[in-house]
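Here's the structure we're looking at; comments come further down.
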Amino acid sequence: MSRVGNLPISVPSGCEIKVDDHNVISVKGPKGELKQKIDRDISVELEDGTLTVKRPTNQKRHKAMHGLYRALIQNMVIGVNDGYKIELELFGVGYRASNKGQLLELSLGFSHPVMMVLPPPVKVTTESVKGKPPLIILESTDKQLIGQLAAKIRSFRKPEPYKGKGILFKGEQIRRKAGKTAAK
């Protein structure tokens, strides 16, 4: 029995949910609109401000799809109402971040700056405060897209365990290793 799939989704006021004939669910809210194609076996019912996702049988595949689509729809509802925000910190001497619109420019100790153009649904801002590490703030309604972009930005300079340099999620702790000890 899918525990995630059986939970009802409460739909806040100001949020519209529509399911068309081709099993495409669209969620519209104050921050935007998202669409997701769902499996034809999974059914979605909306009544009295709660949304329930149902599966036809207890096959392993149906159980997996049941929980997956319930979680995706929940993420869409949260995204169009509240939005998602991911903050990344740059630790390292000379590491900098700046943006011009959707173009993110990173200086990460390479011989060249790393440039990345972000898609329009994602809003990027950068902060540089003296005494604190540079900060990259990503905001979007799409949880999957923002997570994927944050992982891509992090992959340019993954945190290393010896000096602690790299791109980290805000509040992330890196397990530090001791370096080589001096030989006698």
**Study point:** Dipole of the chain, positive end: most advanced residue of 83, 65, 181 [Cβ charges, Cα centre]
**Key:** 181
Exercise for review: Could you work out the relative contact order of segment 94-140, using alpha carbon pairs under 8 angstrom and six or more residues apart, expressed as a whole percent?
Suggested key: 33 percent
Exercise for review: Take every Cα pair under 8 Å in the chain that's 6+ residues apart, average their separations, divide by the length, and report that relative contact order as a whole percent.
Suggested key: 18 percent
**Study point:** For segment 76-149, fraction of C-alpha pairs farther apart than 20 Å, in %
**Key:** 33 percent
Revision key, fill the gap. Here segment 36-43 yields Karplus 3J(HN,Hα) values (6.51, -1.76, 1.60; θ = phi - 60°; whole Hz; Gly and Pro given as x) of 8, 7, 10, 4, 5, 6, 8, 10
Point to revise | Equivalent ellipsoid semi-axes - Cα gyration tensor, the chain, angstrom | key: 41, 21, 13
Practice item. Please calculate how many Å² of accessible area the chain carries per residue, with a 1.4 Å probe and no DNA, RNA or ligand atoms counted. Key: 64 Å²
Practice item. Show 95, 162 ordered by accessible area, largest first, where the area counts protein heavy atoms only and the probe is 1.4 Å. Key: 162, 95
Exercise for review: Counting helices only, and only those DSSP H runs with n ≥ 4, report the 222 nm mean residue ellipticity of the chain as the sum of -39,500 (n - 2.57) divided by its residues, in deg cm²/dmol to the nearest 500.
Suggested key: -6500 deg cm²/dmol
Review point. Taking only Cα atoms, what is the 0 to 90° angle, nearest 10, from helix 60-81's long axis to the longest principal axis of the chain?
Key: 70 degrees
Check your understanding: Which whole-number percentage describes the relative contact order of segment 1-65, with Cα contacts under 8 Å and a sequence gap of 6 or more?
Key -> 33 percent
Check your understanding: At a 1.4 Å probe radius, carbon and sulfur cover how many percent of the accessible area of the chain?
Key -> 52 percent
**Study point:** Total formal charge among the other residues, if their Cβ is under 12 angstrom from that of residue 93, Lys/Arg +1 and Asp/Glu -1
**Key:** +3
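The values are calculated or read from the model by the stated rules, or taken from the named source; none is laboratory data. On a predicted model such as this, the values are computed, not experimentally measured, just so you know. Here Cβ is always computed from backbone atoms with ideal geometry, including for glycine, and neighbour counts include all displayed protein chains. These accessible areas exclude ligands, DNA and RNA; they are computed on the full protein's heavy atoms, side chains included. Shrake-Rupley method; radii C 1.70, N 1.55, O 1.52, S 1.80 Å.
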